[in-house]
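Each remark here refers to the structure printed beneath this line.
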Amino acid sequence: MAENDAKKTIAPEHVIKALEELEYVEFIPFLEQRLADYKGTQRVKEKRDAKFKKSGLSEEELLRQQEALFRQSRSRLHQTSVSGASSSTSADDATLKAEEE
């Protein structure tokens, strides 16, 4: 198919046309659905890539910002777990004192 069209790359249309000629038409709807799914995924990736390119920041700067956000998140998580642990420790201490008396 690709050779008949003087193409070096086999396109989805070539595969579908070959399946029709070989009378394997029952596979065509499945392949067309997979192709549509793939094209949808590619559009999402292209939009995401375009968003980062439009930001005007280099990849290194974007990575630095991401790392800073991760550090902030870990810090907040650590503060929450430490304050939660200290309040439960205080409650445990009070319980022990009450039991001793």
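The values are calculated or read from the model by the stated rules, or taken from the named source; none is laboratory data. Being a predicted model, the structure only gives us computed values, none of them experimental. Methodologically, a virtual Cβ is constructed for each residue, glycine included, from the backbone with ideal geometry; neighbour enumeration extends over all protein chains shown.
Data overview
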| quantity | calculated |
| --- | --- |
| Where a residue in the range 59-80 is under 17 Å from Asp49 (Cα atoms) and aromatic (Phe, Trp, Tyr) and its partner, wherever it lies, is modelled with pLDDT of 95 or more and part of a helix (DSSP H, G or I), with Cβ under 7 Å and at least six apart | none |
| Close pairs (6 angstrom Cβ cut-off, 6 or more residues apart or separate chains): assigned by TED's automatic domain parsing to the domain that holds Pro12 in the range 25-39, in a helix (DSSP H, G or I) and of a type in the set (Phe, Trp, Tyr) anywhere | none |
| Single residue of the range 36-63 satisfying the filter (over 22 Å from Glu13 (Cα atoms) and among the small types (Gly, Ala, Ser)) that is farthest from the chain's Cα centre (by Cα) | Gly56 |
